[in-house]
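Down below is the structure, laid out as C-alpha cells.
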Amino acid sequence: MFFITGDTHGDFTRLNDFYKKAAPTSDDVLIILGDAGFNYFGDDRDKQKKEFVSGFPFVTFCIHGNHEKRPADIESYITKEFCGGIVWYEKEFPNILFAKDGEVYNFGGLSCIAIGGAYSVDKFERLEKGWHWFDNEQPSDAIKAFVEDKIAVLGDKVDIVLSHTCPLKYEPREAFSCCIDQRTIDKSTEVWLDVLEDRIEYKRWYCGHYHIDKVFAGMRFMFTDIEELHD
C-alpha cells in the first residue's frame, strides 16, 4: 500500500506512530511531501536520522523540499529505478528514496508525477544566523523543462501530482506567517505550478510546505495527517 504525509523536518515521531498503529511491511511505501529532514546538516546528525528511519520495514519516499540539500549534490547518492521512475538513494540506506523532479511513478496503478522545491520564507533569517540555506531549493529552468516534457508525453494527463508547494491560486493564506511581508516572497515556483495546473488533467494533487492539513478544490494540503494515497 502507499501512504502519504507532509513535512517532517527531521522529527520522525509521526513515522514511529504510523509503524506502531498500521504495522506496515516492506511492501508498503510512505511518501513525505518534502522537507523530510534527512539532508540538512550534512554531518552525523543527518546520518542518525537516516539510521532511525531505515529501521522501519517500509520504504520512505521523499519529494524534494526547500529545507534540504538536493541528493544530486551529495556524493553518496546514486540512482535506480523504482515503480517505473528514477529515484536517488544511498547504498547504506536503500529504503530511503528521493524522487527526481518530473519522474512519473506507478503507485498502486496510479500515475504520480513528482514536482519538488519551493522558496524558503525564512531564507534571510537562516543566512543571518549562519544556518544552512540551499540556493537551488526551487526548480531550475532545466527541471521545469523536464517536468513539462514529461507531462507532454503523458498527453497532459496524470492521476496524481505530488509537489512540495502548491499552485499560486490555491495558496492557503490562513497559514501565512503574520511576521512576513508576502511581497518579499519569491513565488515564481507557485506561478509556474499555476500554469501547469491549468494545463494538466489530474484526479488529485497533494502538497506539503504550508504546515496545514486541508482539502480545497481537489488540492490536498498535508502536514501531520497520514492517509492512504488515492484518487
Test: residue in the range 208-216 that is in a strand (DSSP E or B), in contact with a helix residue (DSSP H, G or I) (Cβ under 7 Å, 6 or more places away or on another chain) and surrounded by 13 or more Cβ atoms within 10 Å (Cβ to Cβ)
no
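Give the residue, chosen from Asp194, Asp231, that is modelled with pLDDT under 95 and not hydrophobic (A, V, I, L, M, F, W, C). Talk me through it step by step, then tell me what you get.
Values: Asp194 fails: modelled with pLDDT under 95.
It is Asp231.
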Any chance the range 176-187 includes a residue that's without any contact (Cβ under 8 Å) to a residue 40 or more places away in the chain, surrounded by 13 or more Cβ atoms within 10 Å (Cβ to Cβ) and farther than 23 Å from Arg70 by Cβ?
yes
Quick one: is His164 touching a residue at least 60 places away in the same chain (Cβ under 8 Å) and surrounded by 14 or more Cβ atoms within 10 Å (Cβ to Cβ)?
yes
Against the definition (closer than 17 Å to Ser111 by Cα, acidic (Asp, Glu) and open to solvent by less than 60 Å² (accessible area, probe 1.4 Å)), how does Glu201 come out, yes or no?
no
How many of the residues making up the range 120-157 are open to solvent by 10 Å² or more (accessible area, probe 1.4 Å), within 16 Å of Asp198 (Cβ to Cβ) and more than 16 Å from the chain's Cα centre (by Cα)?
6
Filtering the range 217-228 for residues that are part of a loop (DSSP other than H, G, I, E, B), out of contact with any helix residue (DSSP H, G or I) (no Cβ under 8 Å at 6 or more places or on another chain) and modelled with pLDDT of 95 or more leaves a count of 3
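Of these, Phe82, Phe107, which one is among the aromatic types (Phe, Trp, Tyr), open to solvent by less than 10 Å² (accessible area, probe 1.4 Å) and within 20 Å of Phe2 (Cα to Cα)?
Phe107
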Assuming Glu103 fulfils every condition listed in (1) in contact with an Asp or Glu (Cβ under 8 Å, 6 or more places away or on another chain); (2) of a type in the set (Asp, Glu); (3) more than 15 Å from Asp46 (Cα to Cα) apart from one, which condition is it?
(1)
Can we say Glu51 is among the acidic types (Asp, Glu) and touching a residue at least 60 places away in the same chain (Cβ under 8 Å)?
no
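The values are calculated or read from the model by the stated rules, or taken from the named source; none is laboratory data. Treat the numbers as computed from the prediction; the structure is a model and nothing was measured. So basically every Cβ, Gly included, is an ideal-geometry build from the backbone, and we count neighbours across all protein chains shown. What goes into the accessible areas is simple: the full protein's heavy atoms, side chains included, and nothing from ligands, DNA or RNA. Shrake-Rupley method; radii C 1.70, N 1.55, O 1.52, S 1.80 Å.
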